[in-house]
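Visitor: Before I ask anything, let me first share the structure, which is written out below as structure tokens.
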Amino acid sequence: MVKGRRSVPYQHSFIMKVSSGDRVVFDILQRQHVQELLESPIIVNQTTYHAHQSRFIIPKFGYDVAITGCGSIGHFKAGMDAVIRNHFGGQDVIAHSRMELDGDTYVVIMRTCDLAAKLVDSTLPNPSGMDSPSHDGTAMQQQVDLLREQVNSGAANFSQILRTQGEQISEIRSANNNLQNAMALASALTDARLRVMAFDGEVARLESDKTTKQMLLLFAAVSPDLKATFSASLEDIQRRLVVVGRDHTAARADLDGLAALNRARLVGQTPLDSQRVGEGPPTNRPRRDDEMNEG
């Protein structure tokens, strides 16, 4: 809520249906802002709106019973506590009692719901000993029903706020997970491409060595020793080509699988599986000559 150039923080707001029309209700966080709004009206589009502070009682437990019109009776709380205890045979049936609305309303919390129901259906004398028509069971039941309606309305609004916040948190978490998974997939794709490029280079190098050795073998035909040396070298190159070719094929398959997963994610065909991305493809890499000799 913005008043003039100042911002008034509030917890939530809602529209209340009343007999005179709609009423906008704000649950303001700080009492000083409430007083400021009561003292100075709000002007919107050259229309003046006067703020009013709602007068209602917030139940503290749920078995609250209220009696209004007590402001003119002195020491009403202590006297009515004694009247209620005497009505129930002197038992300690009161869990808590208090005065609300500037001392005009007496609110008592009974220890059980059954006691509260019996109290609502009872006609009690006021502390001075005179029967008070305003304290009969019908009036108190109406007051209790009104309080329950207000509490239920507030609870429904609060539940809606919690549901909305929960949905927003879930959306944020889902978006964050998708972003992390997308980054992991991009990293895995980059690593796979680098492995394939490394194998491409290794295969090209071995093919070039093979061609060179074959040409040298032709010129070395006159020398049995050179011919045997180049023949052994060619066999070694051929063996390495087989090993590197197998690893090259596996790396290419890994890259194709990651690329297909990325395409499916982009078109929305399948959700990104963080475990699949996190595991990544096998870490094949071109083997050194000494590693292949050991294999």
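The values are calculated or read from the model by the stated rules, or taken from the named source; none is laboratory data. For clarity, every value in this text was computed on a predicted model and none was experimentally measured. Positions of Cβ are backbone-derived with ideal geometry, glycine not excepted, and every protein chain shown enters the neighbour counts. These area figures cover heavy atoms from the full protein model, side chains too; ligands, DNA and RNA do not enter into them. Shrake-Rupley method; radii C 1.70, N 1.55, O 1.52, S 1.80 Å.
Visitor: Looking only at segment 227-275, filter to residues that are of a type in the set (D, E, K, R) and under 54 Å from the mean Cα position of the chain (by Cα); which one of those is modelled with the lowest pLDDT?
Guide: Residues of segment 227-275 of a type in the set (D, E, K, R): 227, 235-236, 239-240, 246-247, 252, 254, 256, 263, 265, 273.
Filter again for under 54 Å from the mean Cα position of the chain (by Cα), leaving 246-247, 252, 254, 256, 263, 265, 273.
Values: ARG246: 87, ASP247: 85, ARG252: 85, ASP254: 84, ASP256: 85, ARG263: 80, ARG265: 73, ASP273: 52.
So the residue we want is ASP273.
Visitor: Hey, can you tell me all the residues within segment 160-187 that are of a type in the set (Val, Ile, Thr) and either touching a residue at least 60 places away in the same chain (Cβ under 8 Å) or open to solvent by 70 Å² or more (accessible area, probe 1.4 Å) (or both)?
Guide: Passing the criteria: ILE161, ILE169, ILE172.
Visitor: Looking at (1) touching a strand residue (DSSP E or B) at 6+ places or on another chain (Cβ under 7 Å); (2) open to solvent by 60 Å² or more (accessible area, probe 1.4 Å), which one does GLN46 not meet, given that it meets all the others?
Guide: (1)
Conditions (1) out of contact with any Lys or Arg (no Cβ under 6 Å at 6 or more places or on another chain); (2) over 24 Å from ALA260 (Cα atoms); (3) part of a helix (DSSP H, G or I); (4) open to solvent by 90 Å² or more (accessible area, probe 1.4 Å), marked per residue:
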{"residue": "LYS227", "(1), (2), (3), (4)": "yes, yes, yes, yes"}
{"residue": "SER233", "(1), (2), (3), (4)": "no, yes, yes, no"}
{"residue": "ASP236", "(1), (2), (3), (4)": "yes, yes, yes, no"}
{"residue": "LEU241", "(1), (2), (3), (4)": "yes, yes, yes, no"}
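Visitor: Among the residues that make up segment 70-86, is at least one of them open to solvent by 90 Å² or more (accessible area, probe 1.4 Å), modelled with pLDDT of 85 or more and more than 45 Å from the chain's Cα centre (by Cα)?
Guide: Yes, the conditions are met somewhere in segment 70-86.
Visitor: Residues to consider are SER97, SER54; find the one that is closer than 30 Å to ILE28 by Cα, in contact with an Asp or Glu (Cβ under 8 Å, 6 or more places away or on another chain) and either at pLDDT below 75 or not in a helix (DSSP H, G or I) (or both).
Guide: Answer to the selection: SER97.
Visitor: Could you please find all residues in segment 198-252 being under 23 Å from ALA188 (Cβ atoms) and among the hydrophobic types (A, V, I, L, M, F, W, C)?
Guide: Those that are under 23 Å from ALA188 (Cβ atoms) and among the hydrophobic types (A, V, I, L, M, F, W, C): ALA198, PHE199, VAL203, VAL244, ALA250, ALA251.
Visitor: Of all residues being out of contact with any strand residue (DSSP E or B) (no Cβ under 7 Å at 6 or more places or on another chain) and acidic (Asp, Glu) in segment 92-110, which is nearest to ALA66 (Cα to Cα)? Just the residue, please.
Guide: Ranking the qualifying residues of segment 92-110, first place goes to ASP104.
Visitor: Also, quick follow-up: When the residues of segment 1-42 are filtered to those that are modelled with pLDDT under 80, open to solvent by 80 Å² or more (accessible area, probe 1.4 Å) and in a loop (DSSP other than H, G, I, E, B), which remaining residue is farthest from ALA156 (Cα to Cα)?
Guide: Among those residues, the one meeting the criterion is ARG5.
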